[in-house]
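These notes concern the structure reproduced below.
The values are calculated or read from the model by the stated rules, or taken from the named source; none is laboratory data. None of these values were measured; they are calculated from a predicted model. No Cβ is skipped: glycine too gets one built from the backbone with ideal geometry, and neighbour counts run over all protein chains shown.
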Amino acid sequence: MIDRRYFLAAGAALGILGSRAAAQDSGGAQLPEKYQPRMVEIPASMNPGEIHVDPNRFALYWTMEGGQAMRYSVGVGRAGLYETGVFRMGAKKEWPSWTPTPDMIEREPEKYKKYEDGMEGGPDNPLGARALYLFEGTRDTYLRIHGTNAPSTIGTAVSNGCARLVNDHMIDLYERVPLETTVFLYPKLA
């Protein structure tokens, strides 16, 4: 089992990545260059085939062979709604439907009550073009890594707990990751 020391050590290791990144163009034309996906070097101790989300750098890393990772820029959960932990990707969906959680409806009924019966997938859906569903064992946590059509939310902490990528970048990530991928959501520093 991964413990807090692993999170802290791996999070510190991820901090060295920025200076060695080479830019790659994979969409998200509305985003500044600093938010574009890029291949980066990672410590050899990190296993390939994992997702690591660093909320302090608004970064998601898809780890690969050879000490490399694809780094995507993300938006994350706002204060009090971001969760840390180790999860497994239990489902993947294209143009997923969306239903706000009861907690979301209770917090902001004026915004979410009208969607309590759900919203079909499509360009206006908050989950965007693709979604990866995070589970603890067999339990759906309702945490997602998903697309968004709101590029201004990338690099910010505004969501209800999910990590979001612009749709073009999410489609690219979705194609790379298999079901049962391990996902690490690192602690947010104060």
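Would you point out which residue out of L81, L132, L127 is within 15 Å of L173 (Cα to Cα), among the hydrophobic types (A, V, I, L, M, F, W, C) and in a loop (DSSP other than H, G, I, E, B)?
L127
Can you say whether N160 is at pLDDT below 95 and surrounded by fewer than 17 Cβ atoms within 10 Å (Cβ to Cβ), as far as the supplied structure shows?
Judged against the criteria, N160 is not a match.
Which condition number in (1) closer than 13 Å to P96 by Cβ; (2) more than 14 Å from the chain's Cα centre (by Cα) is the one that L179 fails?
It fails just one condition, (1).
Would you please list the contacts, defined by Cβ atoms under 6 Å and residues six or more apart or on different chains, that run from a residue in region 75-101 that is touching a residue at least 24 places away in the same chain (Cβ under 8 Å) and β-branched (V, I, T) to a residue that is part of a loop (DSSP other than H, G, I, E, B) and surrounded by fewer than 18 Cβ atoms within 10 Å (Cβ to Cβ)?
If the second residue must be part of a loop (DSSP other than H, G, I, E, B) and surrounded by fewer than 18 Cβ atoms within 10 Å (Cβ to Cβ), the pairs left are T84/P187; V86/I2.
If you go through region 96-136 one residue at a time, how many are among the aromatic types (F, W, Y), closer than 18 Å to A150 by Cβ and crowded, with 16+ Cβ neighbours inside 10 Å?
2
Sort out which residues of region 131-171 are among the charged types (D, E, K, R) and either in contact with a strand residue (DSSP E or B) (Cβ under 8 Å, 6 or more places away or on another chain) or within 17 Å of D103 (Cβ to Cβ) (or both), and write them in order of number.
E136, R139, D140, R144, R164 - these are the residues of region 131-171 that are among the charged types (D, E, K, R) and either in contact with a strand residue (DSSP E or B) (Cβ under 8 Å, 6 or more places away or on another chain) or within 17 Å of D103 (Cβ to Cβ) (or both).
Collect the residues in region 102-130 that are in contact (Cβ under 8 Å) with a residue 40 or more places away in the chain and closer than 23 Å to Q30 by Cα, keeping them in residue-number order.
Within region 102-130, G128, A129, R130 meet the criteria.
Could we say that D117 is closer than 15 Å to C162 by Cα and of a type in the set (D, E) here?
no
Taking region 37-90 on its own, how many of its residues are charged (D, E, K, R), out of contact with any helix residue (DSSP H, G or I) (no Cβ under 6 Å at 6 or more places or on another chain) and surrounded by 22 or more Cβ atoms within 10 Å (Cβ to Cβ)?
Qualifying residue count, region 37-90: 1.
Condition first: within 22 Å of the chain's Cα centre (by Cα) and acidic (D, E). Now tell me which residues in region 96-110 satisfy that.
Passing the criteria: only D103.
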